[in-house]
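Asks: Have a look at the structure that comes next, please.
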Amino acid sequence: MMAILNRKTLGAAQLVAGTALLVLIGPSSVGRGPSAAWALEPAYEPQQIARREYRHHGVPRSLSEDGAQEEAPKDVNSASNSGALAAALAACDSNGTASLTLPGAKGAIRLDSCYRGREQFVCSLNTLLDEAKKLNNEYGHIIEAKYLAVGNVDAICRIRPDALSEDLTKAGTFGARFKDLRTEYDRRISCAMKVEQNLKQVNLSDMPHSADILKSMNDTLEADLKDVAATRQQIFDLNEKMQASQKAIVTIEKLRPTMCLSTSVPTTAERAEKPVGGGP
């Protein structure tokens, strides 16, 4: 019933295969039922995802768990950042209504406890969108530094060691927050699937336009999810670039003491005049 499960919606939900801010890994908060993890994979076009539907049950590993992430120093602020997202989502949950029920042919249909009304659902989705935007705003400069563009010893030696260290730490923080964001997004998709199953049992026989009402409910939930799905792809793209930059930083840190003189490091003014990735 729920529109996010049909082929048309799957294509629309992945429309911006390009947030997170909103990502965007980890177990679902509603168990191991039919997983919506496919909706989180950036490697597939919308048509491919639609064909796969729900045959895929594994949750793929985040790029942030591989490669250079293991070498990045931990940022003491990452835990507080993660806690801020959790606190904001908890605030949304507290404003919801527990134990929602709808009429069914054989009695009341209790909606899954993950869903506490549209107010709570939309609040949590907006929170994920905000987190995705913050990730882009706070860490996008690491990508813009163009560490992958360095092409010679001079370009490597002109990068200040403190800048490398700071960006490597921030890249690690980004990875942790990206993982949390994706986990929470996966939970919202799984929750929506639970509600879809509930709606299949709803009986509005007392309403002359029951079919239209149920369709409208499904369409409304689909519309609420659309922006989050689009922003999620943008954050996945940012994460890919972040991982590549992170690995480049690790390599540059190893190259500097091998080839650079202590006089190679530019002043702040000089560094501002020449991009980090300045080649020949």
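The values are calculated or read from the model by the stated rules, or taken from the named source; none is laboratory data. Predicted model, so just to flag it, every value in this text is computed and none were measured. With ideal geometry, Cβ positions are generated from the backbone for all residues, glycine too; neighbour counts draw on all protein chains shown. The accessibility values were calculated without ligands, DNA or RNA, using every heavy atom of the protein model including side chains. Shrake-Rupley method; radii C 1.70, N 1.55, O 1.52, S 1.80 Å.
Asks: Could you please let me know if Asp227 is open to solvent by 50 Å² or more (accessible area, probe 1.4 Å), charged (D, E, K, R), more than 30 Å from Ala149 (Cα to Cα) and touching a helix residue (DSSP H, G or I) at 6+ places or on another chain (Cβ under 6 Å)? First the steps, then the outcome.
Replies: Working: open to solvent by 50 Å² or more (accessible area, probe 1.4 Å): yes; charged (D, E, K, R): yes; more than 30 Å from Ala149 (Cα to Cα): yes; touching a helix residue (DSSP H, G or I) at 6+ places or on another chain (Cβ under 6 Å): no.
When the stated conditions are applied, Asp227 does not pass them.
Asks: Could you tell me whether any residue of the range 137-144 is open to solvent by 30 Å² or more (accessible area, probe 1.4 Å) and either polar (S, T, N, Q) or not in a helix (DSSP H, G or I) (or both)?
Replies: Pass one, the range 137-144, residues open to solvent by 30 Å² or more (accessible area, probe 1.4 Å): 137-138, 141, 143-144.
Still in the list and also either polar (S, T, N, Q) or not in a helix (DSSP H, G or I) (or both): 137.
Yes, there is a match, as at least one residue in the range 137-144 is open to solvent by 30 Å² or more (accessible area, probe 1.4 Å) and either polar (S, T, N, Q) or not in a helix (DSSP H, G or I) (or both).
Asks: Taking the range 232-263 on its own, how many of its residues are of a type outside the set (A, V, I, L, M, F, W, C) and open to solvent by 20 Å² or more (accessible area, probe 1.4 Å)? Before the answer, list the steps.
Replies: Residues of the range 232-263 of a type outside the set (A, V, I, L, M, F, W, C): 232-234, 237, 239-241, 243, 245-247, 251, 253-254, 256-258, 262-263.
Subsequent filtering for residues that are open to solvent by 20 Å² or more (accessible area, probe 1.4 Å) retains 234, 237, 240-241, 247, 251, 253-254, 256-258, 262-263.
Matching residues across the range 232-263 total 13.
Asks: Got a number for residues in the range 206-229 being part of a helix (DSSP H, G or I) and under 19 Å from Gly104 (Cβ atoms)?
Replies: Taking the range 206-229 as the starting set, the residues that turn out to be part of a helix (DSSP H, G or I) are 210-229.
Checking the rest, the ones that are also under 19 Å from Gly104 (Cβ atoms) come to 210-218, 221.
So the count comes out to 10.
Asks: When residues of the range 180-205 are filtered for being within 14 Å of Asn218 (Cα to Cα) and not in a loop (DSSP other than H, G, I, E, B), how many remain?
Replies: First, pick out the residues of the range 180-205 that are within 14 Å of Asn218 (Cα to Cα): 189, 191-202.
With not in a loop (DSSP other than H, G, I, E, B) added as a condition, the list becomes 189, 191-199, 202.
So the answer is 11.
Asks: May I pose another question? May I ask you to list the residues in the range 185-210 that are of a type in the set (A, V, I, L, M, F, W, C) and closer than 27 Å to Cys123 by Cα?
Replies: Restricting attention to the range 185-210, the residues satisfying the condition of being of a type in the set (A, V, I, L, M, F, W, C) are 189, 191-193, 195, 199, 202, 204, 207.
Matches in the range 185-210: Ile189, Cys191, Ala192, Met193, Val195, Leu199, Val202.
Asks: Pairs only if they're at least six apart or on different chains, beta carbon under 8 angstrom, first in the range 246-262 and among the charged types (D, E, K, R), second open to solvent by less than 30 Å² (accessible area, probe 1.4 Å); list them, first residue then second.
Replies: Close Cβ pairs satisfying both conditions: Lys247/Ala68; Glu253/Leu164; Glu253/Leu168; Arg256/Ile156; Arg256/Cys157; Arg256/Ile159; Arg256/Leu164.
Asks: Of all residues in the range 107-121, how many are under 14 Å from Arg188 (Cβ atoms) and of a type in the set (Asp, Glu)?
Replies: 1
Asks: Out of the residues in the range 177-224 that are surrounded by fewer than 20 Cβ atoms within 10 Å (Cβ to Cβ) and of a type in the set (Gly, Ala, Ser), state the one that is farthest from Cys92 (Cα to Cα).
Replies: Among residues in the range 177-224 that are surrounded by fewer than 20 Cβ atoms within 10 Å (Cβ to Cβ) and of a type in the set (Gly, Ala, Ser), the one farthest from Cys92 (Cα to Cα) is Ser205.
Asks: While we're on this one: Being farther than 30 Å from Thr263 by Cα and either in a strand (DSSP E or B) or open to solvent by 80 Å² or more (accessible area, probe 1.4 Å) (or both) is the requirement here; does Ser124 meet it? Please lay out each step first, then the result.
Replies: Values: farther than 30 Å from Thr263 by Cα: yes; either in a strand (DSSP E or B) or open to solvent by 80 Å² or more (accessible area, probe 1.4 Å) (or both): no.
For Ser124, the condition - farther than 30 Å from Thr263 by Cα and either in a strand (DSSP E or B) or open to solvent by 80 Å² or more (accessible area, probe 1.4 Å) (or both) - is not met.
Asks: Here's something else I'd like to know. Only residues that are within 17 Å of Glu119 (Cα to Cα) and either at pLDDT below 90 or aliphatic (A, V, I, L, M) (or both): list them for the range 189-218, please.
Replies: Ile189, Ala192, Val195, Met217, Asn218
Asks: What's the number of the condition Lys133 fails, among (1) over 30 Å from Ser216 (Cα atoms); (2) open to solvent by 40 Å² or more (accessible area, probe 1.4 Å)?
Replies: Tallying (1) over 30 Å from Ser216 (Cα atoms); (2) open to solvent by 40 Å² or more (accessible area, probe 1.4 Å), Lys133 fails exactly one: (1).
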